[in-house]
1. Please verify whether segment A:117-132 includes one or more residues that are away from DNA strand D (no atom under 16 Å from the Cβ), assigned to a loop (DSSP other than H, G, I, E, B), within 30 Å of A:Phe213 (Cα to Cα) and without any contact (Cβ under 8 Å) to a residue 40 or more places away in the chain.
2. If only one of A:Glu56, A:Glu41 is within 16 Å of DNA strand C (Cβ to nearest atom) and within 14 Å of another protein chain (Cβ to nearest Cβ), which one is it?
3. Output the residues belonging to segment B:12-38 that are surrounded by 13 or more Cβ atoms within 10 Å (Cβ to Cβ), within 12 Å of DNA strand D (Cβ to nearest atom) and of a type in the set (D, E, K, R).
4. Based on this model, can you work out whether B:Pro95 counts as within 12 Å of DNA strand C (Cβ to nearest atom) and either of a type outside the set (Lys, Arg) or within 14 Å of chain A (Cβ to nearest Cβ) (or both)?
5. What residue, among those in segment B:63-78 that are surrounded by 20 or more Cβ atoms within 10 Å (Cβ to Cβ) and over 10 Å from the mean Cα position of the chain (by Cα), is farthest from DNA strand D (Cβ to nearest atom)?
6. Does B:Leu214 satisfy the criteria of being facing chain A (nearest Cβ under 7 Å), in contact with a helix residue (DSSP H, G or I) (Cβ under 7 Å, 6 or more places away or on another chain) and buried (at least 20 other Cβ atoms within 10 Å of the Cβ)?
7. Taking the condition more than 13 Å from DNA strand D (Cβ to nearest atom), touching a Leu at 6+ places or on another chain (Cβ under 7 Å), at pLDDT below 95 and more than 14 Å from chain A (Cβ to nearest Cβ), does B:Met81 pass?
8. From the set of residues in segment A:162-179 that are facing chain B (nearest Cβ under 7 Å) and more than 14 Å from A:His225 (Cβ to Cβ), which is surrounded by the most Cβ atoms within 10 Å (Cβ to Cβ)?
There are 2 protein chains.
Amino acid sequence: MELQLHIKMTPGLYVKDPDQSELGRKIVSTGIRMIHEMGFEAFTFRKLANEINTTEASIYRYFENKHRLLTYIISWFWTWMEYQLVFYTNNVTDPKKKIETVLEILTFSVDDKFMSDYIDKDMLHHIIVAEGNKSYLTKHVEEDNEAKIFKPYKDLCHRMALIFQEYNPKYPYPHSLGSTLIETAHHQVYFQEHLPSLTDFGNEKGTKGLTHFLRSMTFNVLNNHKK
Amino acid sequence: MELQLHIKMTPGLYVKDPDQSELGRKIVSTGIRMIHEMGFEAFTFRKLANEINTTEASIYRYFENKHRLLTYIISWFWTWMEYQLVFYTNNVTDPKKKIETVLEILTFSVDDKFMSDYIDKDMLHHIIVAEGNKSYLTKHVEEDNEAKIFKPYKDLCHRMALIFQEYNPKYPYPHSLGSTLIETAHHQVYFQEHLPSLTDFGNEKGTKGLTHFLRSMTFNVLNNHKK
DNA sequence: TTGAATTGATAGTCTTACTATCATTTATAG
DNA sequence: CTATAAATGATAGTAAGACTATCAATTCAA
């Protein structure tokens, strides 16, 4: 079974909704590929325009600047993650099972049933790992935040927090645990790839070590917390 | 007691050692202030040159580009952290106590005895929190890594790992735990300040909640890990 | 006090990050 | 099927950023 996934993004993220036109979708899909290939710093609207045979001016009609495009892409990712979380934990009652599912989603070890025509999810995952932090590590976080730009991230974090609270209502830091797990899931992947001595996953491929690390951390914290 | 601190940085980080001249030190100290004030993206060598009444060309004689200056600053920070770790755990035998000290250093709740003439440590801390990741989240990580640019970070992480292993030799992820704690210590500070709903520290000021969160995580993981 | 190293002054190149204007194509409503 | 609006393309231009090169002035060190 595959489900067609259509994610409606908050208008604060774009000037004109890229989902409503061929050109808009091409900006996003090719943008993802190019940011993935050359990194966000080297990526420019001029290069993107050349690649898809349009002009810089046309791209600016969709996104104010490249940072907004990055944020759009990243927000799409968080929304998709939350969809997955809801879907895969829907009929699960055991909160332990729910947490395990969340961690599998975070480490990208679930192959999902949601399709999207023009978004390549593995590239997207790489972008989150390598560029994700850059969406909020700016001098304009506060304004961006007021424009609801980070809502998808926060929603995901909050949904995780609810599950943690269900598992152990006494644990006082469910949101911090959520954001830590999200960030750690991505940092450790980056480190494993580029700076392996910051991890203990050696030369193993895949996310087995990481998942085990995160699971151990999560359950030990939730099971044994004392004031 | 105050100890004069002099940190020798690896040559890969600069073109000409900024520590060896008045101008060099001014580039670093004013660089720190300006990056702190305006953020790394808006910071330029031209603005820095104007501020300290020198020229762009002169600054380029010390650092290849602004990213190298950032990395220099950040590496100085990691080296200083490691110094502190060594100093404050030196005659401690109880590994539990050592870990508590490490966490206090990481959360910046130790007021240190090391002086440095021209480096403002609170600004530095803010820079690490807001820009730290940007030193390695680039397309040239691999080359930078080969040039030993990240050695200070790795050394700190490894030293933490040794302490964790001392505390519980069976725990299989001491390095991942180290890098996670380092990153988390900074992310959570950033979130608390700018995106508080990703944390549970509410409107509290200070790092009490954060320290408690990290301590709970660390000890529960180390005490209870099972295969 | 002479020579070497450091800094300053000036200028120039190429790229990025936009903004503006007008022409052309495409979609759509009557 | 046409009128009209919306979307895109073409072109051009500006200001700033990220450098590199050259030569003169200054300072430092033997």
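1. Filtering segment A:117-132 down to residues away from DNA strand D (no atom under 16 Å from the Cβ) leaves A:117, A:119-132.
Filter once more, so that each one left must be assigned to a loop (DSSP other than H, G, I, E, B): A:117, A:119-120.
Within this subset, residues satisfying the condition of being within 30 Å of A:Phe213 (Cα to Cα) are A:119-120.
Of the ones still in play, those that are also without any contact (Cβ under 8 Å) to a residue 40 or more places away in the chain are none.
No, the conditions are met nowhere in segment A:117-132.
2. A:Glu41
3. none
4. Details: within 12 Å of DNA strand C (Cβ to nearest atom): no; either of a type outside the set (Lys, Arg) or within 14 Å of chain A (Cβ to nearest Cβ) (or both): yes.
Criteria not met by B:Pro95.
5. This residue is B:Tyr72.
6. Details: facing chain A (nearest Cβ under 7 Å): no; in contact with a helix residue (DSSP H, G or I) (Cβ under 7 Å, 6 or more places away or on another chain): yes; buried (at least 20 other Cβ atoms within 10 Å of the Cβ): yes.
Taking the combined requirement at face value, the residue does not satisfy it.
7. Values: more than 13 Å from DNA strand D (Cβ to nearest atom): yes; touching a Leu at 6+ places or on another chain (Cβ under 7 Å): yes; at pLDDT below 95: no; more than 14 Å from chain A (Cβ to nearest Cβ): yes.
Against the criterion (more than 13 Å from DNA strand D (Cβ to nearest atom), touching a Leu at 6+ places or on another chain (Cβ under 7 Å), at pLDDT below 95 and more than 14 Å from chain A (Cβ to nearest Cβ)), B:Met81 does not qualify.
8. Applying the first criterion (facing chain B (nearest Cβ under 7 Å)) to segment A:162-179 yields A:172-176, A:179.
After this cut, where a residue has to be more than 14 Å from A:His225 (Cβ to Cβ) as well, the list is A:175, A:179.
Details: A:His175: 22, A:Ser179: 25.
My answer is A:Ser179.
The values are calculated or read from the model by the stated rules, or taken from the named source; none is laboratory data. The shown structure was predicted, so the numbers you read here are calculated from the model rather than taken from an experiment. Don't worry about glycine lacking a Cβ; one is built from the backbone with ideal geometry, like all the others, and counts go over all protein chains shown.
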